[in-house]
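The values are calculated or read from the model by the stated rules, or taken from the named source; none is laboratory data. From a predicted model like this one, the values you see are computed outputs, not experimental measurements. When the accessible area is computed, the model is the full protein with side chains, heavy atoms only, and any ligands, DNA or RNA have been set aside. Shrake-Rupley method; radii C 1.70, N 1.55, O 1.52, S 1.80 Å.
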Amino acid sequence: MRAALPRGVIGYALRFTGRHQVGLAILSVAVFLLSAAPLELQRRVVNTIVDHGQLTTIVWLAVGYAGVALLEQGLKLVLNIYRGWVSESTVRALRRQARAYAAAAGMADADETGIEVAVVLEEVEPIGGFTGISVSEPLLQAGILASVVSYMLYLDAKLTLIALAFFLPQLVFVPLIQGAINRRAKSRILTKRGLSGKIVGAAGAADRQWAWADEPISRVFTLNMGIYKLKFTMNLLMNIMHHSAVAVALGLGGWLALEGRIEVGTVVAIVGGMGKLNDPWGDLVNWVREFSVVDVKYRLFAQAMDRLNARIQGSSAQPA
C-alpha cells in the first residue's frame, strides 16, 4: 500500500527534503546575520568623514565593507544554487511519482488522462520549485527584517519607530488583497484542469470547431487579468508606504542632525536601513502569495494521487 501524501506543501517539504531544509536554514541564518554589518560600516565611514578623521581609518572601513559584501553575496550564491537543486530534485521525484501512480492505476478514462497530463507536466513544477524556498525563504527574509530593524532601533529608536509606522497600513491591505488573489488563483487552477481533461477527452475531440473551449479560455484570461490588477496595485501601495517612510527618515533625521541631536552617519544608516527593509518585506509578501497558490496546487495534486492510489488498491483487491 502506498503511503498517503502530507496534507500541505510545507508538510511535504519537511517530510521528503527535511535534511536539506536544515542546510538551507543554516545558510539563511548566516546571510541575515551579516545583513546589518554593511549599515554599521557605512555609518562609521560617514562619521569619520564628517569628523575629518584619518584616511587610513576610512580605507580600512571601506575594505571591511567590501569584504562583508563579498561574503554575503557568496553565501547567497551558494544558498540559491542549493535551493535550485532541491527544487529540481523535488520536481523530478513528483513527476516520477505521478507517472508511476498513473501507470499502476491503468488510466483508461480520457478526462482522467487529461488531468494526469496536467499534473505530470505542469502542476508539479511550481510545487517542486516552492519546496526549495519553503523554509529558507521566510527564515531569511524575516531574519533580515529583524536584524536590520534591531540595529536601527539601537541607533535611534524614536526616528526608527516613526519611519516604521508607515508599514502598519500594509498589515491591513496586504492580507485583504492577497486573499482576493488566492481565490482567483484557485479558480484558475480548477478551470485549467477541466480544460486539459476535455482537450484529450471524447467530448473535445467530437467538436472539431472547439467552440466549447471559448468559455474556459475566456475565464482563465479574466482571472489572470484580475490577478495582475490586484498584484500590481498591492505593489504600488507597498512602494508608496516605503518611500513615505524614507522621506520621513530623511526629513526628520536631517532636522535632528542640523540641531546636533543625532549623528549624520546615524541618519545615513537609518535611511539605508529603510531601503534594505523594502526588498525582504516584498520578498516575504511574495513568499506568502506563492505559498497560498502552490498549497492549493499541492492539495489538488495530493487528491489526484489519492484517487489513483484508491484505484490501485481497488484493482489489487479484485480476484484474478
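Measuring against 18 Å, Cα to Cα, the residue pairs 229/276; 76/276; 186/297; 192/297 contain 229/276 as the ones spanning a longer distance. Cα gyration tensor of region 15-63, axes a ≥ b ≥ c as square roots of the eigenvalues: rounded (a/c below 1.5), prolate (a/b > b/c) or oblate? Prolate, because a/c is 1.5 or more and a/b exceeds b/c. Classify region 211-320 as rounded, prolate or oblate from the Cα gyration tensor: take a ≥ b ≥ c as the square roots of its eigenvalues, call it rounded if a/c is under 1.5, otherwise prolate when a/b beats b/c and oblate if not. In terms of gyration-tensor shape, oblate.
Of the whole protein surface, residue 166 contributes about 70 Å² of accessible area at a 1.4 Å probe radius. Stretching the chain fully between residue 176 and residue 89 yields a gain of 27.9 nm (0.36 nm per residue, less the alpha carbon separation).
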